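Read through the structure below, which is laid out as structure tokens, and then see the notes.
The values are calculated or read from the model by the stated rules, or taken from the named source; none is laboratory data. All of these numbers come straight from a predicted model, not from anything done at the bench. We place every Cβ from the backbone using ideal geometry, glycine too, and count neighbours over all the protein chains shown. Protein only, heavy atoms only, side chains kept; ligands, DNA and RNA dropped before computing areas. Shrake-Rupley method; radii C 1.70, N 1.55, O 1.52, S 1.80 Å.
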Amino acid sequence: MRAPAGWYAFEVPTPAVFLDRDDTLIACNDLPPPPPPGARGDLVDPALVRLLPGVPEGCHRLRAAGFTLVVVSNQGSVARGIATPRMVERVNDAVRLALGMADLPFYYCPFHPKGLVPCFTGEHAWRKPAGGMIHAAASELGLELGRSWLIGDAPRDIEAGVAAGLAPSRCLRTGPGELDFASACERILYDSAS
């Protein structure tokens, strides 16, 4: 249906849930055997992608509630020469496939200050704990940060959310001694419905 002449439609920014990838959506550090070559925490083999408990259901419930899901992930393995951008994309594609979300956007930072690959060695505005990836996604995807949330497993994830302007109470940490993914989703859904 077309809008009447002289009428302009403006898209209303949507809220998002920003998601860390490794050890938030998929198992990484606790893989048996350890992650393939290099430092722990660098998952470069798409065949090893395994969603963590509660992730598929939680992600689908968040989407059904109107949230845009966006993955924001440091991938310093590229700077360290352990992976290539194509390898990172293959793992991202495997996550999309496992979730049944072919259109799930991924933003990742291949930079690391102690890298070995010159073009990716150094700090970058997208590297968490900076909020650059979140700002870029909000700008490109038309997201409203004031109603958005973040779920991550590391302090740097939470710091990135706060640095991007998300309320600290909307930056949820998962993992041992913290929330599990399903509980984090339940909190978002409950608070958003209130």
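In square angstrom, what is the accessible area per residue of the chain with a 1.4 angstrom probe? Please report the intermediate quantities before stating the final value.
Numbers: 9760 Å² over 194 residues.
Per residue, the chain has an accessible area of 50 Å².
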Problem - Acute angle (nearest 10 degrees) that the helix 55-64 long axis makes with the longest principal axis of the chain, alpha-carbon atoms - result: 20
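Can you work out D for the chain in µm² s⁻¹ from Stokes-Einstein, where Rh is the Kirkwood radius over C-alpha pairs, the temperature is 37 °C and the viscosity is 0.692 mPa s?
Working: Rh = 17.3 Å.
Estimated diffusion coefficient is 190 µm²/s.
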Fill in the blank from the handout: Toy charge model, Lys and Arg Cβ at +1, Asp and Glu Cβ at -1: the range 127-194 dipole around Cα centroid in debye, rounded to 20, equals 180
Practice task
Rank Leu69, Leu19, Leu116 by mean-square fluctuation in a GNM of the chain with C-alpha springs under 10 angstrom and give only the top-ranked residue.
Solution key: Leu116
Handout entry: Rounded to the nearest 20 debye, dipole of the chain from Cβ charges on Lys, Arg, Asp, Glu
Key = 260
Exercise for the section: Working from Cα positions, state the angle (0 to 90°, nearest 10) between the long axis of helix 132-141 and the longest principal axis of the chain. Expected result: 40
Exercise for the section: Express as a percent, rounded to the nearest 5, the fraction of DSSP beta bridges in the chain (both residues included) that run antiparallel. Expected result: 5
Practice task
Report, in degrees rounded to the nearest 10, the 0 to 90 angle that the Cα long axis of helix 85-99 makes with the longest principal axis of the chain.
Solution key: 60
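Taking the Cβ of Ala79 as the center, what net charge do the other residues with Cβ under 10 Å away carry, scoring Lys and Arg +1 and Asp and Glu -1?
Around Ala79, the surrounding residues sum to +3.
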Exercise for the section: Give me the percent of the accessible area of the chain that comes from carbon and sulfur atoms, probe 1.4 Å, all protein chains in place. Expected result: 59
Fill in the blank from the handout: Spelling it out for Leu52: with amide H atoms placed in the peptide plane at 1.01 Å from N, the residues 5 or more places away or on another chain with amide H under 5 Å from its amide H are Ile26, Ala27
